[in-house]
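Student: Below you will find the structure I want to go over with you.
The values are calculated or read from the model by the stated rules, or taken from the named source; none is laboratory data. This one's a predicted model, so the numbers in the text were calculated from it and none came from an experiment. Here Cβ is always computed from backbone atoms with ideal geometry, including for glycine, and neighbour counts include all displayed protein chains.
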Amino acid sequence: MMDALAQQLDQRSSPGQLYESLSNGDVRCHACAHRCLIKPGGRGICMVRFNRDGILMVPWGYVAALQVDPIEKKPLYHFLPGEAALTFGMLGCDFHCDYCQNWVTSQALRDDAARVSGRYIRGIDAETIIAYGQRMGATVVASSYNEPLITAEWAHAIFERAQAAGMKSVFISNGFATPETLDFLKPVLDGYKVDLKSMRPEVYRDLGGRLQPVLDTIRAAYEREMWVEVVTLVVPGLNDSIEELMSAARYISSISPDIPWHVTAFHRDYRMTDRDNTSSELLLRAAEIGQEAGLKYVYAGNLPGVLSEYEHSYCPQCQVPVIERRGFFVTGYHLDDQGCCPQCGTQIPGVWLASAGVQVSDAPGFTGRHPQIL
C-alpha cells in the first residue's frame with residue numbers, strides 16, 4: 001500500500017532546484033536542515049524528495065488539501081487581519097511529531113494508518129489554484145497542512161503567480177529551514193509562521209529534527225524582512241515548565257519584541273493520548289511569561305473566549321485595544337490606514353489593510369470566517 005502511494009506521488013514530481021549534484025550520481029538536498037545525502041534510487045528523510053538518476057525529483061503539480069481559511073487560523077494576527085487565505089497542502093514531512101494534528105497528510109509515507117491520504121491527491125496547476133483563490137475572494141495564499149519546506153519549489157511556482165495577481169504569500173512551517181531555501185523564497189514569500197516546539201534539543205531529537213536550525217530560521221526570516229510570527233503548542237509535561245517557556249520568550253524577544261508569540265493549547269491527538277489537554281490556567285501562565293520576557297504581542301490560542309484578553313491586540317504604549325478577536329473572528333478593528341493606534345499614534349508592526357477593508361463581525365455565525373473546502 002505504501003509503495004503504491006509512493007509511486008503515485010513519484011508520478012507527480014519534477015526536477016528540483018534546492019540541491020547540489022555530487023559524485024557517483026549522489027545529490028545533496030538543501031530544502032530543509034536535514035540536508036539529506038541521497039543516493040540514486042534513494043529518498044530523503046521527508047520520503048517525497050528522491051534521486052532519479054542523479055537528479056533530485058520533488059513534489060509538483062498536485063494538492064492533497066485546498067481550502068479557504070481565515071488568516072487567523074494559521075495563526076497570523078498581524079498579517080491582513082480579517083482576510084481569507086487560500087491554503088494548499090501536499091503530503092509528507094521532515095519531522096514525525098507524535099501529537100501532529102495533520103498526521104494523515106504529514107505522515108502519509110511513514111504510517112500505514114495515513115495511507116487514506118492518497119485519496120485526497122488532486123492534479124492541478126498553479127494558475128488554477130490562483131484562479132480558485134481569486135474567485136473565493138482570498139488575498140493570501142498559504143502553504144500548510146504538511147511541511148511546506150519539502151515542497152518549496154512547488155510553493156514558489158504558486159507564489160510567483162499569486163504575486164502577479166496582487167496576493168500575499170505565507171508559509172506555515174516547522175521552521176527547519178536552510179539559508180538557501182529562505183533566499184530562494186524571499187522574492188515571493190511575505191510571511192512566515194514558525195512552530196517553536198521546545199527549547200530543549202532532546203525534544204527536537206525525538207521529533208526528528210534539531211533545535212538550532214529552527215532558532216536560526218526565526219532570526220533569518222526576520223532579517224530577510226519576512227513578517228514572522230511564532231507559535232508554541234504548550235504540551236503538559238513536554239515543554240510547559242516556567243524555565244523553558246521563559247527561554248523561548250526571551251529568545252524571540254532578543255530578535256525583536258515586536259514578533260507576535262502565540263501560545264496554543266494542546267489536545268490529545270495521533271499517538272499522544274497519554275497526557276492531559278492544556279488547561280486555561282497553564283495557557284495563561286505561558287502568556288504572562290511571554291509578557292514578562294518583554295514581548296509586546298502575546299496571544300493565547302485554541303480556547304476561544306476563555307482567555308479573551310489574550311485574543312486581542314493592544315497598543316504597547318497606551319494599552320487600548322487596537323484589534324479585538326474571538327477565535328477566528330475579528331470583532332473590532334481600530335487601527336488607522338497606516339497601522340497606527342488611533343489614540344496615541346503608535347505604529348503597530350504588521351502587514352495591514354486600509355481600515356475600511358477589514359471584515360469585522362459581531363456574530364460567531366458569520367459564514368465568511370468558516371473554512372471553505374474547494
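Student: Using the structure shown, decide if residue 211 is closer than 30 Å to residue 17 by Cα and touching a Pro at 6+ places or on another chain (Cβ under 7 Å).
Tutor: Values: closer than 30 Å to residue 17 by Cα: yes; touching a Pro at 6+ places or on another chain (Cβ under 7 Å): yes.
Taking the combined requirement at face value, the residue satisfies it.
Student: At pLDDT below 95 and in a loop (DSSP other than H, G, I, E, B), is that true of residue 345?
Tutor: Working: at pLDDT below 95: no; in a loop (DSSP other than H, G, I, E, B): yes.
The answer is no for residue 345.
Student: Moving to a separate point now. If I go through region 6-37 residue by residue, how many of them are under 25 Å from residue 209 (Cα atoms), more than 25 Å from the chain's Cα centre (by Cα) and assigned to a loop (DSSP other than H, G, I, E, B)?
Tutor: 2
Student: Looking at (1) assigned to a loop (DSSP other than H, G, I, E, B); (2) under 21 Å from residue 246 (Cα atoms); (3) not charged (D, E, K, R), which is the one condition that is false for residue 291?
Tutor: The one condition residue 291 does not meet is (1).
Student: Is it true that some residue in region 70-82 is crowded, with 21+ Cβ neighbours inside 10 Å and assigned to a helix (DSSP H, G or I)? Before you say what the answer is, go through the steps one by one.
Tutor: Restricting attention to region 70-82, the residues satisfying the condition of being crowded, with 21+ Cβ neighbours inside 10 Å are 70-72, 74, 76-82.
Filter once more, so that each one left must be assigned to a helix (DSSP H, G or I): 71-72.
For region 70-82, residues crowded, with 21+ Cβ neighbours inside 10 Å and assigned to a helix (DSSP H, G or I): present.
Student: Also, I was wondering about something else. Just to verify a result, which residue in region 123-152, among those that are crowded, with 24+ Cβ neighbours inside 10 Å and in a helix (DSSP H, G or I), is farthest from the chain's Cα centre (by Cα)?
Tutor: Selected residue: 133.
Student: Pairs please, first residue from region 277-294 and in the same structural domain as residue 307 (by TED's automatic domain parsing), second anywhere and hydroxyl-bearing (Ser, Thr, Tyr) and surrounded by fewer than 16 Cβ atoms within 10 Å (Cβ to Cβ), Cβ atoms under 7 Å, 6+ apart in sequence or on different chains.
Tutor: Listed by first residue and then by second, the contacts come to nothing, as the list is empty.
Student: Is there any pair linking a residue in region 164-184 that is over 21 Å from residue 46 (Cα atoms) to one that is surrounded by fewer than 21 Cβ atoms within 10 Å (Cβ to Cβ) and hydroxyl-bearing (Ser, Thr, Tyr), with Cβ under 6 Å and at least six apart or on different chains, and which?
Tutor: Listed pairs, sorted by first residue: 167/139.
Student: Look through 12, 43 and report the one residue that is of a type in the set (Lys, Arg), more than 19 Å from residue 142 (Cβ to Cβ) and in contact (Cβ under 8 Å) with a residue 40 or more places away in the chain. Steps first, please.
Tutor: Values: 43 fails: in contact (Cβ under 8 Å) with a residue 40 or more places away in the chain.
Of the residues listed, the single one that is of a type in the set (Lys, Arg), more than 19 Å from residue 142 (Cβ to Cβ) and in contact (Cβ under 8 Å) with a residue 40 or more places away in the chain is 12.
Student: Scan region 195-219 for residues that are surrounded by 19 or more Cβ atoms within 10 Å (Cβ to Cβ) and of a type in the set (S, T, N, Q) and report the count.
Tutor: Residues flagged as surrounded by 19 or more Cβ atoms within 10 Å (Cβ to Cβ) and of a type in the set (S, T, N, Q) within region 195-219 amount to 2.
Student: Among the residues of region 245-288 satisfying the criterion of being in a loop (DSSP other than H, G, I, E, B) and among the small types (Gly, Ala, Ser), which is nearest to the chain's Cα centre (by Cα)?
Tutor: Start the filter on region 245-288 by keeping residues that are in a loop (DSSP other than H, G, I, E, B), which leaves 256-260, 266-268, 270-271, 273-279.
Still in the running and among the small types (Gly, Ala, Ser): 256, 279.
Numbers: 256: 19, 279: 23 Å.
Of everything passing the filter in region 245-288, 256 is nearest to the chain's Cα centre (by Cα).
Student: Of all residues in region 15-40 being free of Cβ contacts under 8 Å to residues at least 60 places away in the same chain and under 18 Å from residue 96 (Cβ atoms), which is surrounded by the most Cβ atoms within 10 Å (Cβ to Cβ)? Lay out the reasoning, then the answer.
Tutor: Going residue by residue through region 15-40, those that are free of Cβ contacts under 8 Å to residues at least 60 places away in the same chain are 15, 19-29, 36-40.
Remaining after also requiring under 18 Å from residue 96 (Cβ atoms): 29, 36.
Values: 29: 27, 36: 20.
If we take residues in region 15-40 being free of Cβ contacts under 8 Å to residues at least 60 places away in the same chain and under 18 Å from residue 96 (Cβ atoms), then 29 is surrounded by the most Cβ atoms within 10 Å (Cβ to Cβ).
Student: What is the one condition in (1) in a helix (DSSP H, G or I); (2) in contact (Cβ under 8 Å) with a residue 12 or more places away in the chain; (3) surrounded by fewer than 22 Cβ atoms within 10 Å (Cβ to Cβ) that residue 238 does not satisfy?
Tutor: Among (1) in a helix (DSSP H, G or I); (2) in contact (Cβ under 8 Å) with a residue 12 or more places away in the chain; (3) surrounded by fewer than 22 Cβ atoms within 10 Å (Cβ to Cβ), the lone unmet condition for residue 238 is (1).
Student: Would you mind stating whether residue 175 is modelled with pLDDT of 95 or more, within 19 Å of residue 247 (Cα to Cα) and surrounded by 24 or more Cβ atoms within 10 Å (Cβ to Cβ)?
Tutor: On the way: modelled with pLDDT of 95 or more: yes; within 19 Å of residue 247 (Cα to Cα): yes; surrounded by 24 or more Cβ atoms within 10 Å (Cβ to Cβ): yes.
The answer is yes for residue 175.
Student: Something else about it: Given the structure, is residue 36 more than 25 Å from residue 116 (Cα to Cα) and not polar (S, T, N, Q)?
Tutor: Numbers: more than 25 Å from residue 116 (Cα to Cα): yes; not polar (S, T, N, Q): yes.
The answer is yes for residue 36.
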